[in-house]
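> Sharing a structure, written as C-alpha cells. Questions coming.
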Amino acid sequence: MWKAPNRPKHEITQGFNDGIVEIYDVQDMAKPGYEPVEKLTKKIVLRFEEQRLGIQRIYQSKQAQVEISRVIRVPKAGEVSPQDVVILEGKQYRIDTVQKAMDVYPPCVDLALAKLEQEYEVMV
C-alpha cells in the first residue's frame with residue numbers, strides 16, 4: 001500500500017519538469033593589464049520549473065528600469081547570485097533577483113531573469 005510522505009511542516013513537494021537550466025559565472029579572461037574580456041564559465045546545471053510572472057513583479061521591475069522576462073524555480077544548490085548568467089533554451093538571461101521559495105520541499109529559490117542585450121562568449 002502506498003503511503004504519502006510525511007511532511008511535518010505541510011510543505012508542498014516541488015517538481016522540476018520543465019527542463020534543464022545552465023548557470024554560468026561571468027569572469028574576466030584577459031591577461032593582466034589588458035582590456036577586460038568577460039566570458040562565461042559553467043557553474044552548475046539544474047532542473048527547473050517555470051513560474052508565473054505576476055503583475056506586481058512586472059511593475060516593480062519597470063520601476064527599477066529592468067525588463068523581467070521569466071521567473072523559474074530551481075532547487076537550492078550551491079551559490080547562485082545576481083551576478084550570474086543563465087542559459088535557458090539557447091538564450092542568455094541575467095539573474096535579476098534570487099528569492100527563497102517558502103513552504104516547498106526540497107528547499108528552492110526563484111530566479112527572476114532579464115533578457116541580455118549583448119550575449120557573452122561561453123568558455124568550453
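> Report whether or not Ile12 is among the β-branched types (Val, Ile, Thr), farther than 23 Å from Glu117 by Cα and touching a residue at least 40 places away in the same chain (Cβ under 8 Å).
Yes.
> Of the numbered conditions (1) part of a loop (DSSP other than H, G, I, E, B); (2) touching a residue at least 40 places away in the same chain (Cβ under 8 Å); (3) touching a strand residue (DSSP E or B) at 6+ places or on another chain (Cβ under 6 Å), Asp110 satisfies every one except a single condition; which is it?
Condition (1) is where Asp110 drops out.
> Going residue by residue through segment 77-91, is there one that turns out to be in a loop (DSSP other than H, G, I, E, B) and crowded, with 18+ Cβ neighbours inside 10 Å?
yes
> Ok, one more. Which residue is surrounded by the fewest Cβ atoms within 10 Å (Cβ to Cβ), if the candidates are limited to segment 1-20 and must be assigned to a loop (DSSP other than H, G, I, E, B) and at pLDDT 90 or above?
Only one residue tops the list, namely Asn17.
> Could we say that Leu53 is free of Cβ contacts under 8 Å to residues at least 40 places away in the same chain and assigned to a loop (DSSP other than H, G, I, E, B) here?
The answer is yes for Leu53.
> So, in segment 64-76, exactly how many residues are assigned to a loop (DSSP other than H, G, I, E, B) and hydroxyl-bearing (Ser, Thr, Tyr)?
Number of matching residues: 0.
Matching residues to (1) assigned to a loop (DSSP other than H, G, I, E, B); (2) surrounded by 15 or more Cβ atoms within 10 Å (Cβ to Cβ); (3) among the basic types (Lys, Arg); (4) touching a residue at least 12 places away in the same chain (Cβ under 8 Å):
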residue: Glu22; (1), (2), (3), (4): no, yes, no, yes
residue: Gly33; (1), (2), (3), (4): yes, no, no, no
residue: Glu49; (1), (2), (3), (4): no, yes, no, yes
residue: Lys62; (1), (2), (3), (4): no, no, yes, no
residue: Asp96; (1), (2), (3), (4): no, yes, no, yes
residue: Lys100; (1), (2), (3), (4): no, no, yes, yes
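> Test Arg94 against the stated conditions and say whether it is among the charged types (D, E, K, R), more than 19 Å from Glu119 (Cβ to Cβ) and under 12 Å from the mean Cα position of the chain (by Cα).
Here the answer is no, as Arg94 does not meet what is asked.
> Moving on to the next point. Regarding Ser69, is this residue without any contact (Cβ under 8 Å) to a residue 60 or more places away in the chain, over 29 Å from Met123 (Cβ atoms) and of a type in the set (Ser, Thr, Tyr)?
Considered against the rule, which asks whether it is without any contact (Cβ under 8 Å) to a residue 60 or more places away in the chain, over 29 Å from Met123 (Cβ atoms) and of a type in the set (Ser, Thr, Tyr), Ser69 comes out as no.
> In the set Glu50, Glu38, which member is out of contact with any Ser or Thr (no Cβ under 8 Å at 6 or more places or on another chain) and closer than 13 Å to Leu111 by Cβ?
Glu50
The values are calculated or read from the model by the stated rules, or taken from the named source; none is laboratory data. All of these numbers come straight from a predicted model, not from anything done at the bench. Quick reminder, even Gly has a Cβ in these numbers, built from the backbone with ideal geometry, and neighbours come from all protein chains shown.
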